[in-house]
Amino acid sequence: GEDTSGLRSRPPTAANIGIAACTMSEPMDVDATNAPEQIDEALYSRQLYVLGKEAMTKMSGCDVLLIGLGGTGVEIAKNVVLAGVRSLTLYDKAPARLADLSSQFFITEQDVGKPRAEVSAKHLAELNNYVKVSVHNGELTPDFLSKFTVVALAGQPLSVVRAVNTTCHAKGIPMVSANCHGIMASIFCDFGPAFTVVDQTGEEALSVLCSSITKEATGGAVTTHDENRHGFEDGDYVTFAEVQGMTELNGMEAVPIKVTGPYTFTICDTSSFGDYKGGGYAHQVKQPKTIAHKALDAALAEPNYLLSDFAKMDRPAQLHTLVQALSAFQDENGGELPTAGNGAQAERVLSLAKEINAKSASPAELSEPLLRLLATSAACEISPMTAFIGGTAAQEVLKAATGKYMPIDQWFYFDATEALPFTADAPPPSAELAPTGSRYDAMVGVFGQTLMAKLMKERYFLVGAGAIGCEMLKNWALMGLGAGEGGMVVVTDPDNIEKSNLNRQFLFRPWDVTKSKSVCAAAKVKEMNPGVHIDAHTDKVGEDTEDIYSDTFMESLTGICNALDNVNARLYVDSRAVYYNKPLLESGTLGTKGNVQVVVPRMTESYASSRDPPEKSIPVCTLKNFPNQIEHTIQWARDTFEGLFKQGAEDSNAYLSQADFLQKLEQQPGVRRPTLQQLHSNLVSDRPRTLEDCIAWARMRFEEYFNNTIQQLLFNFPLDMMTASGTPFWSGPKRPPQPQSFDSNDELHLGFIIAAANLRADMYGLKGSTDPAFFKKAADAIMVPKFVPKRGVKIQANENDNTADNSGMDDDDAECERLTKELPTSSQLAGFRLSPIEFEKDDDTNFHVAFITATSNLRARNYKIAEADALRTKQIAGKIIPAIATTT
């Protein structure tokens, strides 16, 4: 093939990028064995909750080609590598320029002149050991392009995009192209003529409890239980289960629905079905959808736009014309875009835009001042824009790889002209935007030298160095925030780096695990821009540290930025910002959703001015006796964990260390007896000496939780019991339970014993075990007394009943005295203490999640509720917020 070494200093064009060449100087063999056999849940746990295992598995077999490694390209690459595709191949022979340093965070001043792809590859490879990152130096032939699952382009003119798109569209290979031109950006998606989206929203499938279903030829009317709105939309599909009477619905294929109200919807013809008697669940079934995208030229002529701002309805058509004009300018000028502040070049772009618009089938109404202003800074890639567009484009790549979420159809245009310190009608003088040979030239080309000088003197306080914190620090370093005389960025975070952080907190590497987040993040951005002034703290921001973050400190700031993960900390920082009259930048993410709030003193409301509604709590009686969702059984298991292994141990230690513990306990009616019973169990009757003792204890807990308690419940409320109104007691949300008999051959039964016994052993400092045969043999040898339900036990049947539950019975003074007398004195157990166990969700070897999963699923089995795997249980029990790098 042609020797392209002499073209390295030229920007990309269709000719020099090698599209038309028939041979490859360096064929790339995509390694099909690079993907892990199993998904590393410790690394990907937060992302798994966004995408799910099926999508993650698809992605781990996906090979991506990325053409263009400028600021937008490196953002796409970073996000795609963090997400966990099988391989990422980079193509960009263009040499790094000083202007790249405004947005390309893996290029330093020492790298200027080197090929951008080569420089970036080694840094990208460090982000994820499971992703093969390679550089292609050959030509981009159709055969080569055909090797990939998805092709992405960044910062490429339309002539290059068109050449790639011709092959990709013909072969059905999804293609994503993204460009950032100063304060304006665009994304184009072509997923081919027939792309199947398996899940259009990515939201969890809904399930609702039915309270009535009518028999109607025009469509049976389904009414859901009045606890919650059903949340369905017209055209959703549902299946039914556990319907009594109208049993024909059970197991029937998914049927489309029509929503008639928040608690009602209609289904198919039910006139020939049996009469509805009660119960039943409607489960949403996601339906795949096949979409057809147009190839680039057809999409240019007849564009579909995804609106980014409903206040700028006329912008997409204007920006669509401008992007074509900029590409035409590049074709005329060897791939170069207009130089910032060069009025003559901006006028040429405007002239081209008018020509293109005149030939359009539906011409746009062009604003000449707007297009002139945008064209002036079109060559500038700045980090706030590349971060946003790179994240969005990377998400499109993931959609193409997984079939999850509806892709952009097909053009997305965005501009942030509101951020400029001048308007299109009153532009700055050319000298204000002209390059000066600085790493900040792109920023100057967009915002001007005056604002750039102000940015460099800013003093900002960043609270948190997690996912959002890493992104903020990277953007600020590239922007030069606080990098001038008197400028400073102070970042604080008390947390250390964990493995699960590496999936989206991209400033950290595997060798940083256990180190301070803020210290590592500060060091990393200092590598990106040695000129930044950054001070890393490890203090928690709160009332306890007001001596550190004092009046003097707060008054010296020009602004505060939150990068926090909890509401209370946000509220505290907000109160300080209001008190000291400082601007506050607030943001947060939840899976693929995100929010930003800019708080400006005396202009906007503060963060605390509006609150989210409180989380809906689960009624105690539902939790204790009448669960109907897996969330109920997981919460019950979590509470059980807390009571057995944390609260119980803390009470025992308090008894042994506080002389007046029993005296205080006498003043707590309803709590005294169960606390004394727990103390007696921990220190006398069930105090273990060996692991076998712990197994015996665990076996008794199994019997108590999953057999005896259920038998007692059914004794109080027999299966055929009717309420005063004549309806069956066990109906609606009350699911009739069934006791379980222990079977050591059942993996779930034995799993409970292994987890509970090991946790009990850990509490007493005894050595645990993971040998199932040992636990099976020991558990089978235990004699368990037969349970006989007791009369007179009171169980609360409904949330509003005044009946006290049996656990809250009046303290039996005689029983309490007996228990107290049998307790050993602290001197008899001198030096003896239990180890309370704090729930830790991210250690898969500590039996915490294993215990909660087994306990929850056994209880779910009691009530015939669909069980949940350890990953889902961990999310609910640990209240884990789903997170993915593309959103951050």
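Find how many whole Å separate the alpha carbon centroid of segment 265-283 from the alpha carbon centroid of segment 719-750. Here the answer is 24 Å between Cα centres.
Note on residue 406 and residue 514: with the Förster distance fixed at 35 Å, the Cβ-Cβ geometry gives a FRET efficiency of about 0.30.
Simple spin-label estimate for residue 725 and residue 258 gives 3.0 nm between the two label positions (7 Å along the Cα-to-Cβ direction from each Cα).
Determine how many Å³ per residue the convex hull of the Cα atoms of segment 394-500 encloses. Spell out each step's value before the answer.
Details: hull volume 19.2 nm³, N = 107.
Roughly 179 Å³ of hull volume per residue.
Please give the Cα centre distance for segment 583-622 versus segment 392-410, rounded to the nearest Å. So the separation of the two Cα centres works out to 27 Å. In this label model, residue 738 and residue 791 are separated by 3.0 nm, measuring between points 7 Å along each Cα→Cβ vector.
What is the extension gain from residue 881 to residue 234, computed as 0.36 nm multiplied by their sequence separation minus the C-alpha to C-alpha distance, in nm to one decimal?
Numbers: separation 647, 0.36 × 647 = 232.92 nm, distance 2.91 nm.
Length gained between residue 881 and residue 234: 230.0 nm.
Largest to smallest in accessible area, the residues 370, 451 fall in the order 451, 370 (1.4 Å probe, all protein chains included). Hydrodynamic radius of segment 146-302 by the Kirkwood approach over all distinct alpha-carbon pairs: 18.8 Å. Overall dimensions of segment 652-777, expressed as equivalent-ellipsoid semi-axes from the Cα gyration tensor (√(5λ), whole Å, largest first), are 33, 26, 9. Full extension of the chain between residue 306 and residue 781 gives 164.3 nm of extra length, using 0.36 nm per residue less the Cα-Cα distance. Mean separation of Cα pairs under 8 Å and 6 or more residues apart, divided by the residue count, gives segment 107-230 a relative contact order of 13 percent.
Among the trypsin sites (Lys or Arg not before Pro) in segment 598-658, those placed in a DSSP loop whose Cβ has at most 14 other Cβ atoms within 10 Å are 602, 611, 616.
Using just its DSSP H runs of length 4 or more, each adding -39500 (n - 2.57), the chain gives a mean residue ellipticity at 222 nm of -11000 deg cm²/dmol after division by all residues. Using a 1.4 Å probe on the protein chains only, how many percent of the accessible area of the chain belongs to carbon and sulfur? Here carbon and sulfur together make up 52 percent of the probe-accessible area.
The charge dipole of segment 577-633, taken about its Cα centre with unit charges on the Cβ atoms of Lys, Arg (+1), Asp and Glu (-1) only, comes to about 80 debye.
Bridging of residue 582 to lysines at a Cα separation below 22 Å is possible for 454, 457, 540, once same-chain residues fewer than 8 apart are set aside.
Label zone (residue 746, point 7 Å along Cα-to-C-beta; backbone nitrogen cut-off 19 Å) within segment 601-626: 625-626. Strictly over 27 Å apart at the Cα level, which of 404/874; 122/517; 404/526 would you flag in this model? As for pairs spanning more than 27 Å Cα to Cα, those are 404/526. Computed over the alpha-carbon atoms, segment 502-652 gives an Rg to Rh ratio of 1.06, Rh here being the Kirkwood radius from the mean inverse distance.
With r defined as the distance between the Cβ atoms of residue 291 and residue 684 and R0 fixed at 51 Å, what FRET efficiency is calculated, to the nearest 0.05? Numbers along the way, then the final one.
Values: r = 68 Å, r/R0 = 1.34.
Step by step, r from the Cβ atoms, then E = 0.15.
Quick one, which of (1) 31.3; (2) 29.6; (3) 34.3 is the actual Kirkwood radius over Cα pairs in Å calculated for this model? The listed entry that was calculated here is (1). The Cα-based radius of gyration and maximum Cα-Cα distance (Dmax) for segment 596-660 are 20.7, 57 Å. On the principal axes of its alpha carbon atoms, segment 765-888 extends 63, 46, 35 Å, with the longest extent given first.
How large is the convex hull of the C-alpha atoms of segment 336-413 per residue, in Å³? It is 135 Å³ per residue. Of interest is the spacing of the C-alpha centroids, which for segment 35-87 and segment 154-168 amounts to 23 Å.
Grab the Cα-Cα distance for residue 53 and residue 818, subtract it from 0.36 nm times how many residues apart they are, and report the gain in nm with one decimal.
Details: separation 765, 0.36 × 765 = 275.40 nm, distance 5.39 nm.
Full extension from residue 53 to residue 818 adds 270.0 nm.
The Rg/Rh ratio for segment 91-149 is 1.02, where Rg is the radius of gyration of the alpha carbons and Rh is the Kirkwood radius. Note on residue 595 and residue 438: the model spin-label points, each 7 Å out from Cα along the C-beta direction, lie 3.7 nm apart. When the charge dipole of the chain is built from unit charges on Cβ atoms (+1 for Lys and Arg, -1 for Asp and Glu) and taken about the Cα centre, the candidate among 731, 182, 765 whose Cα reaches farthest toward its positive end is 765. Accessible surface area normalised per residue over the chain is 44 Å², counting heavy atoms of protein chains with a 1.4 Å rolling probe.
The values are calculated or read from the model by the stated rules, or taken from the named source; none is laboratory data. Bear in mind that the values here come from a model prediction, so they are computed numbers and not experimental data. In this analysis, Cβ positions are derived from the backbone assuming ideal geometry, glycine residues included, and neighbour counts consider all displayed protein chains. These accessible areas exclude ligands, DNA and RNA; they are computed on the full protein's heavy atoms, side chains included. Shrake-Rupley method; radii C 1.70, N 1.55, O 1.52, S 1.80 Å.
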